[in-house]
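So the structure is just underneath, and the comments pick up after that.
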Amino acid sequence: TWVVVTPEGLISRTPTARFPRLSGKNAPALLLGATGRDNLYLFDARGEGAAVPVHTLPECEDPAQGSPLAGLTPFSQGVEVVAGISLPPEKVGAQAPEGYLVLCTIGGTVKKTPLVWLPGASGRRFTAVNVAEGDRLGWVRLTMGADDLVLVSSDGSAIRFPEDEIRPMGLAASGVAG
């Protein structure tokens, strides 16, 4: 299935595996592939996260008919979701294999958290990364611990470094300068 979050803060999933037709004014804020048994991890600009089971999301052909995020997640009305991932339940918590969640802010702060430290689906938000005043979360990616990371600035400067140069940090940590 495809999970769609609209810029208006509506969330839904497609009833089939067919890619949704989205364009122009209907372009999504977030589009993620998932299965019905996955947990969906959503992150706002302040670094707060929430996990919800994908099967609890409403099925809609048209994402504009989705339900408000505030009604289905612990996020409040008006929160801007900037990133998300979907994971099967066996990839998080104590039973998780090797793997990391890498978070990066617009200002270049990078943080790596082991998947075993992620909470399961619940009705509570969790702090994924402490974002400094004036900064905001930009990206969240899954890695295996031996990947290379590339950060590129708006002026065209870039840096590439091995992921293992970042030590694993707990959920409430701020991260390091990329």
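Below is a table of values for the structure above.
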{"quantity": "Accessible area, probe 1.4 Å, largest first, for residues D155, D62, D135, D44", "calculated": "D155, D62, D135, D44"}
{"quantity": "Stokes-Einstein translational diffusion, the chain - Kirkwood Rh over all Cα pairs, 1.567 mPa s, 4 °C, in µm²/s", "calculated": "77"}
{"quantity": "The chain: most fluctuating residue of I159, I11, I106 per GNM, C-alpha cutoff 10 Å", "calculated": "I159"}
{"quantity": "Probe 1.4 Å, all protein chains present, accessible-area order of D38, D147, largest first", "calculated": "D147, D38"}
{"quantity": "Distance from the stretch 104-139 to the stretch 1-70 (C-alpha centre basis), Å", "calculated": "19"}
{"quantity": "Listed peptides 163-172, 51-60 by packing density, highest first (mean Cβ within 10 Å)", "calculated": "51-60, 163-172"}
{"quantity": "Structure-based [θ]222 nm, the chain - -39500 (n - 2.57) summed over DSSP H runs of at least 4, per residue, nearest 500", "calculated": "-500 deg cm²/dmol"}
{"quantity": "Scattering curve values for the stretch 11-113, log₁₀ I(q)/I(0), Debye with Cα scatterers, q = 0.16 Å⁻¹", "calculated": "-0.79"}
{"quantity": "Most to least accessible of S154, S12 (protein chains only, probe 1.4 Å)", "calculated": "S154, S12"}
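The values are calculated or read from the model by the stated rules, or taken from the named source; none is laboratory data. Model, not experiment: these values are computed from the prediction. Ideal geometry is used to build each Cβ from the backbone, glycine not excepted, and the neighbour counts take in all protein chains shown. Surface areas here come from the heavy atoms of the whole protein model, side chains and all, with no ligands, DNA or RNA. Shrake-Rupley method; radii C 1.70, N 1.55, O 1.52, S 1.80 Å.
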